[in-house]
Amino acid sequence: MEDFVSILKALADENRFRIINLLLTHDLCVGALANRLQISKAAVSQHLQVLRKAGLVKGEKRGYWTHYAVKGNVLKQVAGGLTEMSNQTPGPEGICGKTLPMATTIIREGGKRLKERPEDCTPEQIKEGHGDTREHPCETEKK
């Protein structure tokens, strides 16, 4: 999880994201990246250092220059992790009655249901449905 977060943080910068995009199509050196991105070579070097530490790019020495390429397998793992996260569905214990429109039913382990009107519910039903008795999740407006 920690590696996943560090990769996402590295990709969160616009210039680093643009560098990854360029490196997906060509192996490029710092100078070529600087020219294409119109930023300094020093800035490109710093961005590449962050991307290397996150495990997203690798450098290969070619004469005087180092050419960089994206580690495609790492990028695919990140994409897979994001896809897996987006496919998760909340279980009944993760649903808050206050977030459901006109929460006529609250799914809980005990299967308790709230009535449509707050005045029809007992304090125990409200507490079971949301955990407090101050506000009823079926109310759409504060009185």
Among what's in the range 55-82 and is aliphatic (A, V, I, L, M) and assigned to a strand (DSSP E or B), pick the residue that is nearest to Lys9 (Cα to Cα). Val57
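Looking at the range 1-21, which of its residues are in a helix (DSSP H, G or I) and either surrounded by fewer than 16 Cβ atoms within 10 Å (Cβ to Cβ) or not assigned by TED's automatic domain parsing to the domain that holds Val50 (or both)?
Within the range 1-21, Glu2, Asp3, Phe4, Val5, Ser6, Leu8, Lys9, Glu14, Asn15, Phe17, Arg18, Asn21 meet the criteria.
Among Lys9, Lys61, which is the only one that is basic (Lys, Arg) and in contact with a strand residue (DSSP E or B) (Cβ under 9 Å, 6 or more places away or on another chain)? I'd like the intermediate steps shown before the answer.
Details: Lys9 fails: in contact with a strand residue (DSSP E or B) (Cβ under 9 Å, 6 or more places away or on another chain).
Residue meeting the stated conditions: Lys61.
The values are calculated or read from the model by the stated rules, or taken from the named source; none is laboratory data. All values reported here derive from a predicted model rather than from experimental measurement. No Cβ is skipped: glycine too gets one built from the backbone with ideal geometry, and neighbour counts run over all protein chains shown.
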